[in-house]
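The structure appears right after this line, and notes come after that.
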Amino acid sequence: MRGSALSGPPTLSDFVGVIPLEFPVLPAVGILLAAGYLAGAIRLWKAGRRWPVWRSVSFLLGCIALAAVTGLGVEAYGYALFSVFMFQQLTLMMAIPPLLVLGSPGTLLLRATPHRGVGRVMLRAAHGGLRSRAAQWVLSPWVALPVYLSAFYGLYLVNLADPILANPLGHIALEIGFLIAGIVFTIPVLSDDPLPVRMSEGARALDVFVETALHAFFGVFLMVAPSLLISSFEASSLTLGIDPLADQQVAGGLAWSYGEAPTLLMLMFAMHRWFRVSTARDAADARYADVHGDPELDAYNSYLTSLRRKGDGNV
(Lines give C-alpha, C1' and ligand atoms only; values in the text may rest on other atoms or scores of the structure.)
Protein backbone atom coordinates (compact mmCIF):
# COMPACT_ATOMS: atom_id res chain seq x y z
CA MET A 1 0.00 0.00 0.00
CA ARG A 2 1.58 3.30 -1.14
CA GLY A 3 1.19 6.76 0.28
CA SER A 4 -0.76 7.85 -2.80
CA ALA A 5 -3.64 5.57 -1.79
CA LEU A 6 -4.25 7.53 1.41
CA SER A 7 -7.09 10.00 1.58
CA GLY A 8 -6.50 12.19 4.64
CA PRO A 9 -4.36 13.02 7.66
CA PRO A 10 -3.58 9.98 9.80
CA THR A 11 -5.37 9.06 13.00
CA LEU A 12 -4.25 6.66 15.71
CA SER A 13 -6.46 3.92 14.30
CA ASP A 14 -4.82 4.43 10.89
CA PHE A 15 -1.37 3.87 12.40
CA VAL A 16 -2.23 0.65 14.22
CA GLY A 17 -4.50 -0.83 11.57
CA VAL A 18 -3.46 -3.90 9.60
CA ILE A 19 -2.73 -3.23 5.92
CA PRO A 20 -1.75 -5.41 2.95
CA LEU A 21 1.94 -5.08 2.04
CA GLU A 22 3.54 -5.69 -1.34
CA PHE A 23 6.90 -6.64 0.15
CA PRO A 24 6.53 -7.55 3.86
CA VAL A 25 10.27 -8.09 4.27
CA LEU A 26 10.93 -6.70 7.74
CA PRO A 27 7.69 -8.01 9.33
CA ALA A 28 8.70 -11.46 8.13
CA VAL A 29 12.20 -10.95 9.53
CA GLY A 30 10.73 -9.97 12.89
CA ILE A 31 8.54 -13.08 12.99
CA LEU A 32 11.41 -15.39 12.01
CA LEU A 33 13.76 -13.86 14.58
CA ALA A 34 11.16 -14.24 17.33
CA ALA A 35 10.49 -17.86 16.37
CA GLY A 36 14.18 -18.75 16.26
CA TYR A 37 14.92 -17.04 19.57
CA LEU A 38 11.99 -18.74 21.31
CA ALA A 39 13.08 -22.12 19.96
CA GLY A 40 16.56 -21.62 21.42
CA ALA A 41 15.32 -20.37 24.80
CA ILE A 42 12.81 -23.23 25.13
CA ARG A 43 15.53 -25.73 24.25
CA LEU A 44 17.66 -24.45 27.13
CA TRP A 45 14.76 -24.36 29.59
CA LYS A 46 13.75 -27.94 28.71
CA ALA A 47 17.33 -29.08 29.26
CA GLY A 48 17.28 -27.49 32.72
CA ARG A 49 19.76 -24.81 31.76
CA ARG A 50 19.21 -21.22 32.85
CA TRP A 51 18.43 -18.43 30.43
CA PRO A 52 17.30 -15.02 31.73
CA VAL A 53 13.62 -14.33 31.13
CA TRP A 54 14.25 -10.60 30.93
CA ARG A 55 16.57 -11.10 27.97
CA SER A 56 13.89 -13.13 26.20
CA VAL A 57 11.29 -10.45 26.87
CA SER A 58 13.63 -7.74 25.58
CA PHE A 59 14.37 -9.56 22.34
CA LEU A 60 10.73 -10.45 21.69
CA LEU A 61 9.66 -6.84 22.30
CA GLY A 62 12.21 -5.79 19.70
CA CYS A 63 10.77 -8.29 17.21
CA ILE A 64 7.23 -7.09 17.89
CA ALA A 65 8.27 -3.46 17.43
CA LEU A 66 10.03 -4.37 14.18
CA ALA A 67 6.94 -6.09 12.77
CA ALA A 68 4.65 -3.30 13.96
CA VAL A 69 6.57 -0.27 12.69
CA THR A 70 7.04 -1.83 9.23
CA GLY A 71 3.86 -3.89 8.95
CA LEU A 72 0.96 -1.84 10.33
CA GLY A 73 -0.68 1.33 9.05
CA VAL A 74 2.34 3.41 10.02
CA GLU A 75 4.13 1.83 7.04
CA ALA A 76 1.58 3.25 4.60
CA TYR A 77 1.91 6.77 5.98
CA GLY A 78 5.69 6.34 5.99
CA TYR A 79 5.49 6.59 2.20
CA ALA A 80 3.52 9.85 2.37
CA LEU A 81 4.79 11.92 5.33
CA PHE A 82 8.36 12.78 6.25
CA SER A 83 7.42 12.90 9.95
CA VAL A 84 6.11 9.32 9.88
CA PHE A 85 9.12 8.18 7.88
CA MET A 86 11.38 9.82 10.49
CA PHE A 87 9.45 8.04 13.24
CA GLN A 88 10.12 4.74 11.47
CA GLN A 89 13.80 5.59 11.05
CA LEU A 90 14.24 6.55 14.71
CA THR A 91 12.46 3.40 15.88
CA LEU A 92 14.47 1.14 13.58
CA MET A 93 17.81 2.74 14.52
CA MET A 94 17.38 3.64 18.19
CA ALA A 95 14.53 1.75 19.85
CA ILE A 96 14.61 -1.70 18.27
CA PRO A 97 18.40 -2.44 18.20
CA PRO A 98 18.90 -2.04 22.00
CA LEU A 99 15.98 -4.40 22.64
CA LEU A 100 17.43 -6.99 20.28
CA VAL A 101 21.03 -6.63 21.49
CA LEU A 102 20.11 -6.84 25.19
CA GLY A 103 18.49 -10.17 24.38
CA SER A 104 22.03 -11.57 23.76
CA PRO A 105 21.01 -13.61 20.70
CA GLY A 106 24.63 -14.52 19.98
CA THR A 107 25.13 -16.14 23.37
CA LEU A 108 21.81 -17.95 23.03
CA LEU A 109 22.85 -19.24 19.61
CA LEU A 110 26.12 -20.63 20.99
CA ARG A 111 24.42 -22.28 23.96
CA ALA A 112 21.30 -23.69 22.32
CA THR A 113 22.61 -24.87 18.94
CA PRO A 114 23.32 -28.64 18.82
CA HIS A 115 26.97 -29.56 18.35
CA ARG A 116 26.22 -32.06 15.62
CA GLY A 117 24.83 -32.05 12.09
CA VAL A 118 23.63 -28.71 10.77
CA GLY A 119 24.11 -27.16 14.22
CA ARG A 120 27.80 -27.92 14.11
CA VAL A 121 28.10 -26.16 10.75
CA MET A 122 26.25 -23.14 12.14
CA LEU A 123 28.54 -22.97 15.16
CA ARG A 124 31.64 -23.13 12.98
CA ALA A 125 30.28 -20.35 10.81
CA ALA A 126 29.47 -18.23 13.89
CA HIS A 127 32.94 -18.71 15.38
CA GLY A 128 34.54 -17.98 12.02
CA GLY A 129 32.54 -14.79 11.69
CA LEU A 130 33.58 -13.66 15.16
CA ARG A 131 37.25 -14.16 14.36
CA SER A 132 37.11 -12.50 10.94
CA ARG A 133 38.74 -9.17 10.20
CA ALA A 134 35.50 -8.03 8.58
CA ALA A 135 33.68 -8.34 11.91
CA GLN A 136 36.45 -6.46 13.70
CA TRP A 137 36.27 -3.71 11.11
CA VAL A 138 32.47 -3.39 11.04
CA LEU A 139 32.08 -3.32 14.83
CA SER A 140 34.86 -0.83 15.47
CA PRO A 141 33.68 2.64 16.59
CA TRP A 142 35.62 4.18 13.68
CA VAL A 143 33.13 2.54 11.33
CA ALA A 144 29.96 2.12 13.38
CA LEU A 145 29.60 5.76 14.49
CA PRO A 146 30.19 7.36 11.05
CA VAL A 147 27.76 4.90 9.43
CA TYR A 148 25.20 5.66 12.11
CA LEU A 149 25.46 9.42 11.71
CA SER A 150 25.56 9.26 7.91
CA ALA A 151 22.05 7.82 8.05
CA PHE A 152 20.99 11.29 9.22
CA TYR A 153 23.45 13.91 7.99
CA GLY A 154 24.56 12.12 4.84
CA LEU A 155 21.09 10.99 3.82
CA TYR A 156 19.34 14.34 4.14
CA LEU A 157 22.00 17.05 3.93
CA VAL A 158 23.75 15.53 0.91
CA ASN A 159 20.35 14.79 -0.68
CA LEU A 160 20.77 11.04 -1.02
CA ALA A 161 17.25 10.28 0.18
CA ASP A 162 15.34 11.55 -2.88
CA PRO A 163 17.13 9.32 -5.45
CA ILE A 164 16.75 6.28 -3.21
CA LEU A 165 13.08 6.88 -2.45
CA ALA A 166 12.38 7.36 -6.18
CA ASN A 167 13.06 3.63 -6.59
CA PRO A 168 10.00 1.42 -5.93
CA LEU A 169 11.99 -0.58 -3.37
CA GLY A 170 13.92 2.40 -2.01
CA HIS A 171 11.70 2.82 1.05
CA ILE A 172 12.21 -0.80 2.12
CA ALA A 173 15.93 -0.63 1.34
CA LEU A 174 16.31 2.39 3.62
CA GLU A 175 14.37 0.66 6.40
CA ILE A 176 16.71 -2.32 6.19
CA GLY A 177 19.71 0.01 6.16
CA PHE A 178 18.42 1.89 9.21
CA LEU A 179 18.01 -1.34 11.15
CA ILE A 180 21.48 -2.61 10.21
CA ALA A 181 23.11 0.74 11.05
CA GLY A 182 21.39 0.80 14.44
CA ILE A 183 22.45 -2.75 15.26
CA VAL A 184 26.06 -2.16 14.18
CA PHE A 185 26.25 0.90 16.42
CA THR A 186 24.49 -0.72 19.39
CA ILE A 187 26.38 -4.03 19.53
CA PRO A 188 29.76 -2.61 20.69
CA VAL A 189 28.00 -0.39 23.25
CA LEU A 190 25.47 -2.75 24.87
CA SER A 191 26.22 -6.33 23.85
CA ASP A 192 27.37 -8.94 26.35
CA ASP A 193 27.83 -11.49 23.56
CA PRO A 194 31.30 -12.68 22.53
CA LEU A 195 32.71 -9.98 20.25
CA PRO A 196 35.84 -9.68 18.11
CA VAL A 197 36.31 -6.13 19.43
CA ARG A 198 35.63 -5.25 23.07
CA MET A 199 35.44 -1.56 23.90
CA SER A 200 36.26 -0.31 27.38
CA GLU A 201 33.37 0.90 29.51
CA GLY A 202 34.58 4.48 29.26
CA ALA A 203 34.81 4.25 25.46
CA ARG A 204 31.26 2.89 25.30
CA ALA A 205 29.91 5.78 27.34
CA LEU A 206 31.86 8.30 25.25
CA ASP A 207 30.57 6.75 22.03
CA VAL A 208 26.94 7.15 23.11
CA PHE A 209 27.55 10.66 24.45
CA VAL A 210 29.01 11.85 21.13
CA GLU A 211 26.14 10.33 19.18
CA THR A 212 23.58 11.92 21.51
CA ALA A 213 25.00 15.40 21.02
CA LEU A 214 25.31 15.14 17.23
CA HIS A 215 21.86 13.61 16.92
CA ALA A 216 20.25 16.38 18.99
CA PHE A 217 21.86 18.97 16.71
CA PHE A 218 20.40 17.22 13.67
CA GLY A 219 16.89 17.39 15.15
CA VAL A 220 17.23 21.10 15.89
CA PHE A 221 18.60 21.68 12.37
CA LEU A 222 15.49 20.07 10.86
CA MET A 223 13.21 22.14 13.07
CA VAL A 224 14.71 25.49 12.05
CA ALA A 225 15.46 24.74 8.38
CA PRO A 226 13.70 27.43 6.26
CA SER A 227 13.23 25.13 3.24
CA LEU A 228 12.58 21.47 2.49
CA LEU A 229 15.60 19.17 2.72
CA ILE A 230 13.82 16.34 0.94
CA SER A 231 11.20 16.62 -1.80
CA SER A 232 9.97 13.03 -1.97
CA PHE A 233 7.15 13.69 0.49
CA GLU A 234 6.10 17.14 -0.77
CA ALA A 235 3.33 16.10 -3.18
CA SER A 236 1.88 13.41 -0.93
CA SER A 237 1.88 15.77 2.07
CA LEU A 238 -0.07 18.37 0.10
CA THR A 239 -2.51 15.68 -1.03
CA LEU A 240 -3.20 14.87 2.61
CA GLY A 241 -3.73 18.56 3.37
CA ILE A 242 -0.50 18.91 5.39
CA ASP A 243 2.12 21.63 4.89
CA PRO A 244 5.37 19.85 3.89
CA LEU A 245 7.56 22.34 5.78
CA ALA A 246 5.46 21.97 8.93
CA ASP A 247 5.71 18.20 8.54
CA GLN A 248 9.50 18.51 8.29
CA GLN A 249 9.50 20.51 11.51
CA VAL A 250 7.52 17.72 13.19
CA ALA A 251 10.15 15.27 11.91
CA GLY A 252 12.86 17.43 13.49
CA GLY A 253 10.95 17.54 16.75
CA LEU A 254 10.75 13.76 16.74
CA ALA A 255 14.48 13.47 16.07
CA TRP A 256 15.21 15.86 18.94
CA SER A 257 12.76 14.40 21.49
CA TYR A 258 11.74 10.83 20.72
CA GLY A 259 15.11 10.07 19.18
CA GLU A 260 17.03 11.29 22.21
CA ALA A 261 15.19 9.13 24.77
CA PRO A 262 16.67 5.74 23.70
CA THR A 263 20.20 7.14 23.42
CA LEU A 264 19.97 8.74 26.87
CA LEU A 265 18.82 5.40 28.28
CA MET A 266 21.76 3.73 26.55
CA LEU A 267 24.10 6.31 28.06
CA MET A 268 22.66 5.72 31.54
CA PHE A 269 23.02 1.96 31.08
CA ALA A 270 26.63 2.33 29.89
CA MET A 271 27.50 4.61 32.82
CA HIS A 272 25.87 2.23 35.31
CA ARG A 273 27.75 -0.74 33.88
CA TRP A 274 31.00 1.26 33.95
CA PHE A 275 30.45 2.00 37.65
CA ARG A 276 29.54 -1.63 38.36
CA VAL A 277 32.59 -3.00 36.55
CA SER A 278 34.92 -0.50 38.26
CA THR A 279 33.48 -1.34 41.67
CA ALA A 280 33.85 -5.07 41.07
CA ARG A 281 37.44 -4.60 39.86
CA ASP A 282 38.36 -2.52 42.91
CA ALA A 283 36.84 -5.14 45.22
CA ALA A 284 38.77 -7.91 43.47
CA ASP A 285 42.02 -5.94 43.74
CA ALA A 286 41.38 -5.37 47.44
CA ARG A 287 40.80 -9.09 48.05
CA TYR A 288 43.96 -9.96 46.15
CA ALA A 289 45.96 -7.41 48.16
CA ASP A 290 44.63 -8.85 51.41
CA VAL A 291 45.93 -12.30 50.45
CA HIS A 292 49.06 -11.55 48.45
CA GLY A 293 49.88 -8.01 49.49
CA ASP A 294 50.11 -4.87 47.40
CA PRO A 295 53.50 -4.63 45.62
CA GLU A 296 53.30 -0.84 45.24
CA LEU A 297 52.27 -0.33 48.85
CA ASP A 298 54.95 -2.76 50.07
CA ALA A 299 57.60 -0.95 48.02
CA TYR A 300 56.49 2.41 49.40
CA ASN A 301 56.60 1.10 52.99
CA SER A 302 60.08 -0.29 52.37
CA TYR A 303 61.16 3.09 51.07
CA LEU A 304 59.84 4.83 54.19
CA THR A 305 61.58 2.26 56.39
CA SER A 306 64.89 2.84 54.62
CA LEU A 307 64.54 6.60 55.09
CA ARG A 308 63.81 6.13 58.77
CA ARG A 309 66.85 3.91 59.21
CA LYS A 310 69.06 6.46 57.47
CA GLY A 311 67.72 9.14 59.77
CA ASP A 312 68.42 7.02 62.83
CA GLY A 313 71.94 6.30 61.57
CA ASN A 314 72.74 9.99 61.08
CA VAL A 315 71.64 10.74 64.62
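Once a ≥ b ≥ c are taken as the square roots of the eigenvalues of the Cα gyration tensor of region 1-151, is the result rounded (a/c under 1.5), prolate (a/b larger than b/c) or oblate (a/b not larger than b/c)? Prolate is the answer for region 1-151, as a/c is 1.5 or above and a/b outweighs b/c. Report the local net charge at Gly253: Lys and Arg +1, Asp and Glu -1, summed over other residues whose C-beta lies under 13 Å from its C-beta. Once positives and negatives cancel, what remains is -2. Using the Cβ of Leu228 as centre and a radius below 12 Å, the other residues enclosed give a net charge of -4, where K and R count +1 and D and E count -1. Label region 13-308 by shape, choosing from rounded, prolate and oblate, from the square roots a ≥ b ≥ c of the eigenvalues of the Cα gyration tensor; if a/c is under 1.5 it is rounded, and otherwise prolate applies when a/b is larger than b/c, oblate when it is not. Cα axes put region 13-308 in the oblate bin. From the alpha carbon centroid of region 168-209 to that of region 101-131 is 20 Å. For q = 0.15, 0.19 Å⁻¹, what log10 I(q)/I(0) does region 203-259 give under the Debye formula with an equal point scatterer on each alpha carbon and no solvent? Results for region 203-259 at q = 0.15, 0.19 Å⁻¹ read -0.49, -0.67.
Probe radius 1.4 Å, ligands and nucleic acids ignored: give me the carbon and sulfur share of the accessible area of region 1-145 as a rounded percent. It is 70 percent, rounded to a whole number.
The values are calculated or read from the model by the stated rules, or taken from the named source; none is laboratory data. Please read these numbers as outputs of a predicted model, since none were measured by experiment. For neighbour counting, all protein chains shown are included, and Cβ atoms are generated from backbone atoms with ideal geometry for every residue, glycine included. For accessibility, only protein heavy atoms count, side chains too; no ligands or nucleic acids. Shrake-Rupley method; radii C 1.70, N 1.55, O 1.52, S 1.80 Å.
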